[in-house]
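What follows is calculated from the coordinates using simple rules that are stated; it is not laboratory data. The structure presented is a predicted model; accordingly, all values stated were derived computationally and were not measured. Neighbour counts run over all protein chains shown; Cβ positions are idealised from the backbone, glycine included.
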Amino acid sequence: MNTAENECVSETLGDYILVRLRGEVDLSWSQQVRRAILDALGAGSKVGVELSQVSYIDSSGIAALVEGFQSARGKSQQFGLVAVSKPVMAVLQLARLDKVFPIFPDAETARAG
Amino acid sequence: MNTSSLAAAGAHERRALGFLAELSQSLALSLDLRETLGLAVTRIADFMQAEAASLFLLDPAGTLECRICVGPVDISGLKLAVGQGVVGRAVAENATQVVLDAATDARVNANVDAETGFVTRSILCAPLSTARGAIGALEVINRRDGGLFDAADAEILRVIAAPAALAIHNAQLAHSLVEQQRIKRELELARKIQKSMLPKRRRGGFPLLGVNLPAHEISGDFYDYFDLPDGRIAFIIGDVSGKGLDAAFLMVRVASLLRWAGKHAPTPAAWLVEANVEMCKTLQDGRFVCAVVGQYDRASRSVTFASAGFPPALLHDGQGFEELLADGPPLGILAEAQYSERRIELGTRALYLFSDGATDVRDTAHNTLGSEGLRTLIARHAVLAPEPRLRALIGDLKRLRLVDDTTLLLLQEPCGTSAHSLLDLEFPARPEQMRQVRAALRTALDSEEIAPELRDKLVLAVDEACTNIIRHAYHGACDQTIALHLAREQDMLVFELRDAAPVVDPSRMQARDLSECRPGGLGVAFIDALMDDWVLVPAEGGKGNLLCMRKRLAATGENE
């Protein structure tokens, strides 16, 4: 997993947009992640960020997630994290954000929620 | 007044104006005021058609002295009190005095005439006025034509006195400035000489480090260390009562006396007893000296010391403090005083000795730091090696306001003998570099068999620290570098990050409260949460910063 290329892909599943992240989210490309999340929130009312293939996330990556969450809440949109990997969960816990974000085990549940 | 006398008055004023312009210019352009004033007073006497003229100046003691005198009788050096005689009154009242008939005027001091045989008939005296009041007076005596001075003459003298007052005042200011600068230069020289008496810092892991910060140019504090014939190291830290020049002079004598006694004294207590007896003979005016003297044996790492009224020593093991009292009276008071000793097995601990100036520093609200405050500062920098730690501590004290001479002496064996280096990396300050750095760090931590959960957290903390350096110290990605050094000393992991950026104010690196949900400022909070302690200090030589973070590993098997 450590060798996975960084990747950020947005998929539209009906009314739901899923931003899939891969690799290590750090300062070198967290701005790109932030843009993708905000763009998704601009395009649809329900957005999820899929994190199962993310092996590392730093504070700038967490900041991008928080910004998406706050933006969605301001416009009564739905925003959640999907399939959070263990390393990402550890950082969310450290930032005391694990109870703040809606977290779903998979995209199906997220779409239904 | 008829037409012709009006015309005469007009001509008189024009003449006065011309004279005033000339006088002002000669005074303004003067390079040697004393000489110019001498000429000026002669010309004033001529212009005023006076038999005699004199110039009196106030000396620093507040006495008027005749500095320049022209006329048949030399009264140079004559001294008057303010308020005494015509001149004294002109100064006291800061107002021109006109004496039409000296024989009957009570203001006139008849003694001078009686002593000199001169007959004073009529006097005019104008004060030399400045913004700070009169600084002296200009006096003319007796019209040469035998007539009496009148109000018009008094007005002219008042006007003529103005440029003289200005020139003298400026010269006095210039002189006091020169004097101040001379004193400043001499104090600076005294400071350098005094500083040269402190022992040179020894390299190569010498266990004693000292710093002396004078509150002003010179200090009544001192420290010293030297080798004893048996291989032990002797040390001294002292504080002479009082501040300023006399304390500084006494410090020089006391320092050499203590050094001399320390060369042959068998024990610190005997050392103080001998120095005390000597000082009781020589110290005067209620002066006394507080000091600690000690002997340190590097082989056994044991230190013995005795104190004469000096603040208690602090022993710090990296976790907590122990206050060490070894109290006896200050030196120079009681010739029969005895001193008790403390013996400490120092081990890897740090012993801090400090003069009371270190705890008397004030913050902006004038609160003193106190012993608790000093402990907090020491604890904050405990992460650092002795030398940068002392530097950081001094930096903190300097940011506060020193009110007294401050001296610190630190005794600690340099750590690092049991430390082994796990990773040394230097990389450009660019976010794209971080992935490789994290990988290298994971590998290094894996080799120490750090549990993966803890390993990932330490990697996160170091990553956050590096990106903070890139963003806030270098203000963005650049080709300057960050050096990462990881070492392990027993159960302690020490992470050091060095950059070459301008010095960062450590107070700007503040963790935010994790309970608030917002995007920024998380990095420092992560470092705070993940490391046991960390400190940011200017690097050696004042260029760049050193961030040092520590994590103590729990016993094997329970790394978290």
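Some points to look at:
- Rounded to the nearest 500, the 222 nm mean residue ellipticity of chain B from helices alone is -12000 deg cm²/dmol, with -39,500 (n - 2.57) taken per DSSP H run of at least 4 residues.
- Between the Cα long axis of helix A:59-74 and the first principal axis of chain A there is an angle of about 10°, rounded to the nearest 10.
- With at most 10 neighbouring Cβ atoms within 10 Å, loop trypsin sites (Lys or Arg not before Pro) (DSSP) excluded, longest segment of chain B: B:204-560
- Tensor-based shape of chain B (alpha-carbon gyration tensor, a/c under 1.5 rounded, otherwise prolate or oblate): prolate
- Percent antiparallel among DSSP beta bridges (both partners in the protein assembly as shown, rounded to 5): 85
- Degrees separating the helix B:452-468 axis from the principal Cα axis of chain B, which is the longest one: 20
- Cα long-axis angle, helix B:3-28 against chain B (0 to 90 degrees, to the nearest 10): 30
- Farthest toward positive dipole pole in chain B [+1 Lys/Arg, -1 Asp/Glu at C-beta], among B:Gly294, B:Val86, B:Leu209: B:Leu209
- Whole-Å distance, taken between Cα centres, linking the stretch A:34-69 and the stretch B:312-390: 52
- Here the gap between B:Asp246 and B:Arg202, fully extended at 0.36 nm per residue and compared with their Cα-Cα distance, gives a gain of 12.9 nm.
- Shape class of the stretch B:419-552 from the alpha-carbon gyration tensor: rounded, with the ratio a/c of largest to smallest axis under 1.5.
- When the C-alpha to C-alpha distance is required to be over 21 Å, the pairs from A:Lys46/A:Lys99; B:Lys398/B:Lys543; B:Lys195/B:Lys398; B:Lys200/B:Lys263; A:Lys46/A:Lys86; A:Lys46/B:Lys457 that qualify are A:Lys46/A:Lys86; A:Lys46/B:Lys457.
- Restricting attention to chain A, close to 30% of DSSP beta bridges with both partner residues there are antiparallel.
- The residue list A:Val100, A:Cys8, A:Ala110 was ranked by how far each Cα lies along the charge dipole of chain A toward its positive end, using unit charges on Cβ atoms, and A:Val100 comes out on top.
- Contact order normalised by residue count of chain B, Cα under 8 Å, 6+ apart, percent: 8
- Shape category assigned to the stretch A:7-108 from the gyration tensor of Cα positions, a/c cut at 1.5: rounded
- The stretch B:383-487, dipole about Cα centre (Lys/Arg Cβ +1, Asp/Glu Cβ -1), debye to the nearest 20: 380
- Per-residue ellipticity at 222 nm from helix content only, as computed over chain A with -39500 (n - 2.57) for each DSSP H run of at least four residues, stands at -12000 deg cm²/dmol.
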